[in-house]
Amino acid sequence: MQTIWLGGAEWLAVLRMGLGLWWLESWRHKDKKGWFERGTGIAWAADVAAAHRWKAVGTGFRLIVAPHPKVMAHVVVYAELALGLGLVTGFLTPVALVAGLLLNLLYLVLMIHDWAEQGQNAMMALISLVALFAMAWQTWSLDAAIGLFL
């Protein structure tokens, strides 16, 4: 593959790190006090799930998330942090890419009525797929440095 500046593997690493920075920004701008102390994030998601056009979303939310709102708030917020750090550093990259893809698909389904959210989550999911199938952990990553996932 010919490119002007970096090689293909390096550009994939840049793409992987950019996705990681996107996850870190998602974590950074969250009102953690609201999510953890007041339950605003889960309360908002509960309203969205209750009004969702697919009844399975509301049912799934009531069965899985609603019984454990504080735990789920921590899972969501710290998952975004872990995904960002894993992708930027290239540590456990395939795991982070699959987990991020699943989280983006979950967000995409939850926010199916919101075009702005759909675009962001669809793009992040697409980048995850490209980085996963192109094995974007081969360059500039802790995985490569310690010989994981070769």
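The values are calculated or read from the model by the stated rules, or taken from the named source; none is laboratory data. On a predicted model such as this, the values are computed, not experimentally measured, just so you know. Glycine also receives a Cβ, built like all others from the backbone with ideal geometry; neighbour counts cover every protein chain displayed. Accessible surface is based on the protein model in full, side chains and every heavy atom, while ligands, DNA and RNA are left aside. Shrake-Rupley method; radii C 1.70, N 1.55, O 1.52, S 1.80 Å.
Given T93, T89, which one is among the β-branched types (V, I, T), under 30 Å from I146 (Cα atoms), surrounded by 13 or more Cβ atoms within 10 Å (Cβ to Cβ) and touching a Phe, Trp or Tyr at 6+ places or on another chain (Cβ under 6 Å)?
Details: T89 fails: touching a Phe, Trp or Tyr at 6+ places or on another chain (Cβ under 6 Å).
Answer to the check: T93.
Yes/no matrix, rows are residues, columns are (1) among the hydroxyl-bearing types (S, T, Y); (2) free of Cβ contacts under 8 Å to residues at least 12 places away in the same chain; (3) under 26 Å from K33 (Cα atoms):
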{"residue": "A66", "(1), (2), (3)": "no, no, yes"}
{"residue": "E80", "(1), (2), (3)": "no, no, yes"}
{"residue": "G84", "(1), (2), (3)": "no, no, yes"}
{"residue": "V95", "(1), (2), (3)": "no, yes, no"}
{"residue": "N104", "(1), (2), (3)": "no, no, yes"}
{"residue": "H113", "(1), (2), (3)": "no, no, no"}
{"residue": "I127", "(1), (2), (3)": "no, no, no"}
{"residue": "A131", "(1), (2), (3)": "no, no, no"}
{"residue": "W137", "(1), (2), (3)": "no, no, no"}
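With the checklist (1) surrounded by 14 or more Cβ atoms within 10 Å (Cβ to Cβ); (2) out of contact with any Asp or Glu (no Cβ under 6 Å at 6 or more places or on another chain); (3) under 30 Å from L142 (Cβ atoms) in hand, flag the one item R28 doesn't pass.
If we test R28 against (1) surrounded by 14 or more Cβ atoms within 10 Å (Cβ to Cβ); (2) out of contact with any Asp or Glu (no Cβ under 6 Å at 6 or more places or on another chain); (3) under 30 Å from L142 (Cβ atoms), just (1) comes out false.
Take the residues in region 69-86 that are touching a Gly at 6+ places or on another chain (Cβ under 6 Å) and not small (G, A, S), then tell me which one is least open to solvent (accessible area, probe 1.4 Å). Don't jump to the end; show me each part of the working.
Residues of region 69-86 that are touching a Gly at 6+ places or on another chain (Cβ under 6 Å), as a first pass: 69, 73, 83-84.
If we keep only those that are not small (G, A, S) as well, we get 69, 83.
Details: P69: 59, L83: 12 Å².
For region 69-86, the residue satisfying everything is L83.
Hey, among L102, L148, L129, L108, which residue is open to solvent by 30 Å² or more (accessible area, probe 1.4 Å), within 19 Å of V76 (Cβ to Cβ), out of contact with any Lys or Arg (no Cβ under 8 Å at 6 or more places or on another chain) and modelled with pLDDT of 95 or more?
Values: L148 fails: within 19 Å of V76 (Cβ to Cβ); L129 fails: within 19 Å of V76 (Cβ to Cβ); L108 fails: modelled with pLDDT of 95 or more.
Result of the check over L102, L148, L129, L108: L102.
Can you name the number of the only condition in (1) at pLDDT 95 or above; (2) in contact with a helix residue (DSSP H, G or I) (Cβ under 9 Å, 6 or more places away or on another chain); (3) not small (G, A, S) that M1 fails?
It fails just one condition, (1).
Within region 12-50, how many residues turn out to be out of contact with any Leu (no Cβ under 8 Å at 6 or more places or on another chain) and within 15 Å of E117 (Cβ to Cβ)?
Qualifying residue count, region 12-50: 8.
Looking only at region 1-37, count every residue that is within 14 Å of the chain's Cα centre (by Cα) and of a type in the set (S, T, Y) and tell me the total.
Total meeting the criteria: 1.
When region 55-68 is examined, which residues are found to be surrounded by fewer than 16 Cβ atoms within 10 Å (Cβ to Cβ) and either under 20 Å from the mean Cα position of the chain (by Cα) or charged (D, E, K, R) (or both)?
Scanning region 55-68 gives K55, R62, I64.
At least 2 residues that are more than 30 Å from A13 (Cβ to Cβ) and β-branched (V, I, T) in each: list the helices (runs of 4 or more DSSP H) lying fully within region 26-143 that qualify. Full working, then the answer.
On the way: elements: 40-50, 55-60, 69-89, 93-110, 115-133.
It comes to 40-50, 55-60.
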